[in-house]
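Worksheet: the structure to be examined is printed underneath.
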Amino acid sequence: SMSAVESKKSKIIIIIGVFLLGIAIGFGIGFEFGRENRVTKPLDNSQAKKDVYVGEYKVLRVIDGDTIEIEGGERVRYIGIDTPEVGANGKADECYAQKAKEKNQELVLGKNVELRKDVSDRDQYGRLLRYVFVDGLSINIELVRLGLAKVASFPPDVRYQDEITSAQSEAREKKSGLWVACPQE
């Protein structure tokens, strides 16, 4: 048989346990309720996906070496790199612009690509800023490695900056692409 002190102790422990359980349940309910309140209308999956633009999307069009258009009409600008500009309004293409565009088409056009975000969501032109992958291959890094793009670092979006920078060193050493074909400023 338990002594009176032990009996009192176990009652206190049970009371504390019940009290803590009550708090936990209360938090759970509060959290659920709060969450319900924040969602003004139920989001079906396609809508949720549209707002975030990460994950798999099909590439409908390649605009140039570092910009694509995905299903739904959104334009995606590759983070951390810059390819020569395709001439617009009667301007001539920059050196190697067509080659960069062609390689980008070869790598992504008509394919499902994986979009990964960094810190910024969009640039000043409203384009999505993303890292683009095909079967685990980083297209951003690949274009630099092949000498079709240069490093263009815009903090805070520097998640893969080291990899992109070392791909550029490799391309320059190997005299790949624009590093040998184009006069460098």
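Counting only heavy atoms of the protein chains and using a 1.4 Å probe, residue 158 has close to 60 Å² of accessible surface. Once divided by 2.2 N^0.38 Å, the Cα radius of gyration of the range 77-144 becomes 1.17.
In this structure the range 96-185 gives 54 Å² per residue of accessible area when probed at 1.4 Å with all protein chains present. Protein heavy-atom surface of the range 45-185, 1.4 angstrom probe: 48% of the accessible area is carbon and sulfur, with nucleic acids and ligands not counted.
The values are calculated or read from the model by the stated rules, or taken from the named source; none is laboratory data. Remember, predicted model here, so these are calculated numbers, not experimental data. Accessible surface is based on the protein model in full, side chains and every heavy atom, while ligands, DNA and RNA are left aside. Shrake-Rupley method; radii C 1.70, N 1.55, O 1.52, S 1.80 Å.
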